[in-house]
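Written below as structure tokens is the structure these notes are about.
The values are calculated or read from the model by the stated rules, or taken from the named source; none is laboratory data. Small disclaimer: the values here were computed from a predicted structure and weren't measured. Here the Cβ positions follow ideal geometry from the backbone for every residue, glycine too, while neighbour counts run over all protein chains shown.
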Amino acid sequence: MTDRASESIGSVPSPCVRNCCLDEDDICLGCYRSISEIVHWGEASEKEKIEVLIRCRLRYKQRYDKIHGKF
């Protein structure tokens, strides 16, 4: 296994879905990251990336509940 291949195994993939559109709070409606989170993704640690993904999931759920109502 090459070094490059072993590096990518444990890395957290970007949540970007190439569907960027910002809401009124400057949150991307494609990946649910803030502008700051998008800009700093490349230099974030694995732990920080996981924390961003957790916040993205929460933002998605909050937006879904706001639009569709809570279940």
(request) Find all pairs meeting these conditions: Cβ atoms under 9 angstrom apart; at least six residues apart or on different chains; first residue within segment 39-52 and in contact (Cβ under 8 Å) with a residue 12 or more places away in the chain; second residue among the polar types (S, T, N, Q) and in a loop (DSSP other than H, G, I, E, B). (result) TRP41/SER14; GLU46/SER11; LYS49/SER11; LYS49/SER14
(message) Just checking: which of the helices (runs of 4 or more DSSP H) contained wholly in the chain hold 2 or more residues that are at pLDDT below 95 and loosely packed, with under 10 Cβ neighbours inside 10 Å?
(response) 3-9, 46-68
